[in-house]
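Below is one structure, written out as structure tokens, with a few remarks after it.
No value in this document is a laboratory result; all are computed from the given coordinates. Since the model is a prediction, treat every value here as computed from it, not as a measurement. Please note: Cβ atoms are built from the backbone with ideal geometry, for glycine as well, and neighbour counts cover all protein chains shown.
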Amino acid sequence: MPNVKKISDALDKIIKALFEFKDALNEDVKTELVEVPHTQIVETKEEKQIIMPADDNFESLKKALESEKWPEAVNPNLICDPNNEQDKLERGRGIVELMIEPDLKDLKVLDFGCGEGHVAFVATEYEPTFVVGYDNKENNKWSAYEQKENLLFTNDFEKVLEKGPYDVVVIFDVLDHCKYEDPISLLKKARDVLAENGQIYMRCHPFVSKHGTHLYHQLNKAYAHLVFTKEELEQLVPNQNFVEESIGVKFPLATYDKFIKEAQLETVHRREITSNVDNFFKIPKIAERIISQNGFESFPEFQMSLDFVDYVLKK
């Protein structure tokens, strides 16, 4: 016969251990914010302490930036290598498959703001009737892809008009970086070449997101562009080879909706891709920097949580 008492005791221990494990999962990590004259990071077994300087001068903030406590802007495993053509083509394939809803077979496609042309090139694999990659300046990467009969790259919008109208227009991470053109004018152009039943697939990349300027290729630190001035960032990263200048959208949803409305487009669907703002950025001296430097009245937690905003638009 089994020993009932031993089995009962063992079950009691297992149940107790499970409850303790559940409590541990639900308990928030204690974070204490303390201001002292110099930046320090102190960890104990009982709690984590983030200790920040009493002032917000550049050198003190630079020490904080160099610490392991400053969160990353992007998971390093997800960063596309800007010097690797295969990486960029795979990124282009991901954009086509994740962003565009319809099957591209027998459709006409425009990649508006095509950059080096990876999305337009990959789109030809899905049997569209024709693909145009348009950018306001010519890119020397295009020549490697131009041998395809159903693909055209151009920086002449008249040629875009000639090949239209388009069933699908892709505007991926362009609107926030269109420093040479007004965003509303850009969207009006996209509307003008859109087929009556066509749709625009647009991803917006707010300036206030943790990686809003693409600085992560050289300095993978979240919100660094909100904490430091432009001049300070130039000291931290003298040669910002992969940074994309931003038009500085600080209230994303209201701003993008205004652009869309004034371009006489209609939103079919909007999706916000968000992530939590780490408590690190709510430390008083860092939060104050973010607020004062970017013209906010209070800590912009909601705005900062918006990594991307995706739209499907129609006429």
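Annotation for N136 and E149: the two label points, set 7 Å from Cα along the Cα-Cβ direction, are 3.5 nm apart.
So if R0 is 25 Å, what FRET efficiency would E181 and D257 give, r being the distance between their Cβ atoms, rounded to the nearest 0.05?
Numbers: r = 19 Å, r/R0 = 0.77.
With R0 = 25 Å, the Cβ-Cβ based efficiency is 0.80.
Look at where the Cα atoms of segment 182-226 and of segment 261-307 average out, and the two centres are 15 Å apart.
Of K141/K163; K148/K261; K62/K137; K163/K261, which sit over 32 Å apart, Cα to Cα?
Details: K141/K163 22 Å; K148/K261 37 Å; K62/K137 36 Å; K163/K261 26 Å.
Over 32 Å Cα-Cα: K148/K261; K62/K137.
A simple count of charges around Q147, restricted to other residues whose Cβ falls under 15 Å of its Cβ and scoring Lys, Arg +1 and Asp, Glu -1, yields -1.
Taken one residue at a time, the phi angles of segment 210-221 give Karplus couplings (6.51, -1.76, 1.60, θ = phi - 60°) of 5, 9, x, 10, 6, 5, 4, 5, 10, 9, 8, 10 Hz. Gly and Pro are set to x. Averaged over residues, the count of other Cβ atoms within 10 Å places the peptides 195-201, 305-311, 165-171, 82-88 in the sequence 165-171, 305-311, 195-201, 82-88, highest first.
The value for segment 71-175 of Rg(Cα) / (2.2 N^0.38 Å) is 1.07.
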